[in-house]
1. Looking only at segment 155-193, which residues are touching a residue at least 40 places away in the same chain (Cβ under 8 Å), open to solvent by 30 Å² or more (accessible area, probe 1.4 Å), within 19 Å of LEU86 (Cα to Cα) and of a type in the set (A, V, I, L, M)?
2. Among residues belonging to segment 73-90 that are in contact with a Phe, Trp or Tyr (Cβ under 8 Å, 6 or more places away or on another chain) and surrounded by fewer than 22 Cβ atoms within 10 Å (Cβ to Cβ), point out the one that is farthest from ALA186 (Cα to Cα).
3. Go through LEU26, LEU74 for me and flag whichever is away from the ligand (no atom under 15 Å from the Cβ) and over 22 Å from LYS180 (Cα atoms).
4. Restricting attention to segment 43-68, and to residues there that are more than 23 Å from ALA29 (Cα to Cα) and touching a residue at least 24 places away in the same chain (Cβ under 8 Å), which single residue is surrounded by the most Cβ atoms within 10 Å (Cβ to Cβ)?
5. Restricting attention to segment 137-149, which residues are open to solvent by less than 50 Å² (accessible area, probe 1.4 Å) and touching a Ser or Thr at 6+ places or on another chain (Cβ under 7 Å)?
6. Residue under question is GLY129, and the condition is that it be open to solvent by less than 50 Å² (accessible area, probe 1.4 Å) and within 15 Å of the ligand (Cβ to nearest atom); does it hold?
7. Across segment 10-29, what is the number of residues that are within 12 Å of the chain's Cα centre (by Cα) and either among the acidic types (Asp, Glu) or in a loop (DSSP other than H, G, I, E, B) (or both)?
8. If I ask for residues that are open to solvent by 50 Å² or more (accessible area, probe 1.4 Å) and either closer than 26 Å to VAL81 by Cα or under 14 Å from the mean Cα position of the chain (by Cα) (or both), which ones from segment 92-122 would you list?
Amino acid sequence: MRIAILVSGSGTNLQALLDAADSGRLQSATLALVVSNRPNVKALQRGAAAGVPTIVIDHEAFSTRHEFEEELLLALREQTVEAVVLAGFMRILSPFFVEKFEHRILNTHPALCPAFPGIRAPQQAIEAGVKVSGCTVHFVDAGVDTGPIIFQECVAVEPDDTAATLHARIQALEHRLLPKATELLARGALTVRDGRVEVRS
Ligand code: GAR
């Protein structure tokens, strides 16, 4: 299955996918395209270094979300992309886009959904004083960090944690779970029934 990875920043999750492909852990998925909505981010260098086609579709160049997403769809079609992985992609995708890839868009979020959606989830967790947080890998629906949950794992929030130290421990989980979910999706091993995900190993 040909997969596009959408990024906006440093791309450590993209790197985890590239490393998984390199070491044979993505048997059924081909990383066909990296798309960034922001120019000059490190994720673009990571994709290029691994020999994956990379493009920038700068959302600021479009006056509406719809126009941005039409351009995105065009780029995905050109590369015959069948599924999409959001790896630190910090734009909301509208129903117009999401409906084209129903149950074929994955996202990773650095919190235990439905807690702390949106930006700065680790900071939100620290401010709320929760004792555990974690990561969620899920299918994308029309909401923000919502959609059927594939994997969740938790970490303890330590008394001296900052948003950065907590996020780093959560990212270690993401780097393992996002490639795993991507391979399962590509293998056709994920089924959504009544909003719940069944995983066949
Ligand atoms: C990741 O931790 C991801 O969970 C988060 O952005 C980070 C990107 O890191 N995504 C969200 O917060 C989505 N709401 P990376 O660019 O190093 O992969």
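1. VAL192
2. Taking segment 73-90 first, the residues in contact with a Phe, Trp or Tyr (Cβ under 8 Å, 6 or more places away or on another chain) are 73, 83-84.
Subsequent filtering for residues that are surrounded by fewer than 22 Cβ atoms within 10 Å (Cβ to Cβ) retains 73, 83.
Working: LEU73: 19, ALA83: 8 Å.
Looking at residues that are in contact with a Phe, Trp or Tyr (Cβ under 8 Å, 6 or more places away or on another chain) and surrounded by fewer than 22 Cβ atoms within 10 Å (Cβ to Cβ), I get LEU73.
3. Working: LEU26 fails: over 22 Å from LYS180 (Cα atoms).
Matching residue, one of LEU26, LEU74: LEU74.
4. PHE68
5. Within segment 137-149, the subset open to solvent by less than 50 Å² (accessible area, probe 1.4 Å) is 137-140, 143, 145, 147-148.
Answer for segment 137-149, where residues must be open to solvent by less than 50 Å² (accessible area, probe 1.4 Å) and touching a Ser or Thr at 6+ places or on another chain (Cβ under 7 Å): just VAL137.
6. Numbers: open to solvent by less than 50 Å² (accessible area, probe 1.4 Å): yes; within 15 Å of the ligand (Cβ to nearest atom): no.
So GLY129 fails the test.
7. So the count comes out to 1.
8. Applying the first criterion (open to solvent by 50 Å² or more (accessible area, probe 1.4 Å)) to segment 92-122 yields 92, 95-96, 99-100, 102-104, 114, 117, 119-120.
Across segment 92-122, the qualifying residues are ILE92, PRO95, PHE96, GLU99, LYS100, GLU102, HIS103, ARG104, PRO117, ILE119.
The values are calculated or read from the model by the stated rules, or taken from the named source; none is laboratory data. These figures come from a predicted structure and were not determined experimentally. Neighbour counts are summed over all protein chains in view; Cβ atoms, including those assigned to glycine, are modelled from backbone coordinates with ideal geometry. Just so you know, the surface numbers come from the protein's heavy atoms only, side chains and all, with ligands and any DNA or RNA stripped out. Shrake-Rupley method; radii C 1.70, N 1.55, O 1.52, S 1.80 Å.
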